[in-house]
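The values are calculated or read from the model by the stated rules, or taken from the named source; none is laboratory data. Bear in mind the structure is a predicted one, so any value in this text is a computation, not a measurement. FYI the Cβ positions are ideal-geometry reconstructions off the backbone, even for glycines, and counts take in every protein chain you see. Quick note on the areas: whole protein, heavy atoms, side chains included, nothing else; ligands and nucleic acids left out. Shrake-Rupley method; radii C 1.70, N 1.55, O 1.52, S 1.80 Å.
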Amino acid sequence: MTADMMDDAPRGNGSTTRPAPSDVIKVILADDHAVVRAGLKAVLGAAKDIRVVGEAGNGRDAVAMAERLDADVVVMDLSMPEMDGTAATKALAAAGARARVLVLTMHTEEEYLVPLLEAGAAGYLVKSAADRELVDAVRAVAHGDTYVQPSAARALARGLRRREEHADERKQFERLTDRERDVLRLVAAGFSAPEIGERLFISPKTVDTYKQRIGEKLGLTHRSDYVKFAVKLGLLGE
């Protein structure tokens, strides 16, 4: 499913320089498992217009390699050492890299999909479908489209609607400090002040102070208020 079918989907890193249809698409494979990279390389090897120019075992190397090799597409796993796929995607977008990111993962849930596309990914493909769809996905992403599978597209639509519906709550949450956000999540998850203090290396009294500040900013009083707020924004899964 390409961008012409997903007009409202986020658009990757915003780069406008795309290879012409006759050009060879240069791809970097980023996955910490060599056997997975070998399988992906074999799938892409059947396409005459695609060439794997590099392989990376972690996100940091993938970011450096994408710039050095002037890659068109980085096929990015999420779970990698040193720098995971989400952080690497953000780094490429922040650097204005020409390479576009196609995320390859086992997850199709909206809590994974929406943040990834917002981080700068241009496509999203479930690993179980890689043998059938990887070539088409790489081509679509390389030529400026957003590639999202139908099942993931439904999750994306739900996630975007939820973000829009709770935009005011999201703005309120973003006004909190990092520590206040941590306390909010932990209170919503059912932890007591002593338990939160132990996790955050602060005293229970300091936890109560943060809860008071959260209450003043968001109007949350009881734990049920925290839970409702956290559920609306999907904070318990973060």
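Laid out as a table, the results:
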{"quantity": "Close pairs (8 angstrom Cβ cut-off, 6 or more residues apart or separate chains): within 19 Å of residue 147 (Cα to Cα) in region 81-108, of a type in the set (Ser, Thr, Tyr) and open to solvent by 40 Å² or more (accessible area, probe 1.4 Å) anywhere", "calculated": "85/79; 98/17; 105/112; 106/128; 108/151"}
{"quantity": "Region 98-112, subset among the hydrophobic types (A, V, I, L, M, F, W, C) and either open to solvent by 20 Å² or more (accessible area, probe 1.4 Å) or modelled with pLDDT of 90 or more (or both), residue nearest to the chain's Cα centre (by Cα)", "calculated": "103"}
{"quantity": "Answer from 81, 115 - the residue that is within 13 Å of the chain's Cα centre (by Cα), open to solvent by 40 Å² or more (accessible area, probe 1.4 Å), farther than 20 Å from residue 133 by Cα and not small (Gly, Ala, Ser)", "calculated": "115"}
{"quantity": "Residues of region 53-69 classified as within 23 Å of the chain's Cα centre (by Cα) and either over 17 Å from residue 88 (Cβ atoms) or hydrophobic (A, V, I, L, M, F, W, C) (or both), total", "calculated": "6"}
{"quantity": "Matching residues, region 49-74, being within 16 Å of residue 34 (Cβ to Cβ), aliphatic (A, V, I, L, M) and in contact with a helix residue (DSSP H, G or I) (Cβ under 6 Å, 6 or more places away or on another chain)", "calculated": "52, 56, 62"}
{"quantity": "Residue pairs meeting the criteria (Cβ under 6 Å; at least 6 apart or on separate chains; first under 17 Å from residue 88 (Cβ atoms) and at pLDDT below 95, in region 11-36; second hydrophobic (A, V, I, L, M, F, W, C) and not in a loop (DSSP other than H, G, I, E, B))", "calculated": "13/93"}
{"quantity": "Given (1) of a type outside the set (Phe, Trp, Tyr); (2) touching a Lys or Arg at 6+ places or on another chain (Cβ under 7 Å); (3) at pLDDT below 95, number of the condition residue 73 does not satisfy", "calculated": "(3)"}
{"quantity": "Elements of type helices (runs of 4 or more DSSP H) contained in region 166-238, each with 3 or more residues being touching a Pro at 6+ places or on another chain (Cβ under 9 Å) and either surrounded by 15 or more Cβ atoms within 10 Å (Cβ to Cβ) or among the basic types (Lys, Arg) (or both)", "calculated": "193-200"}
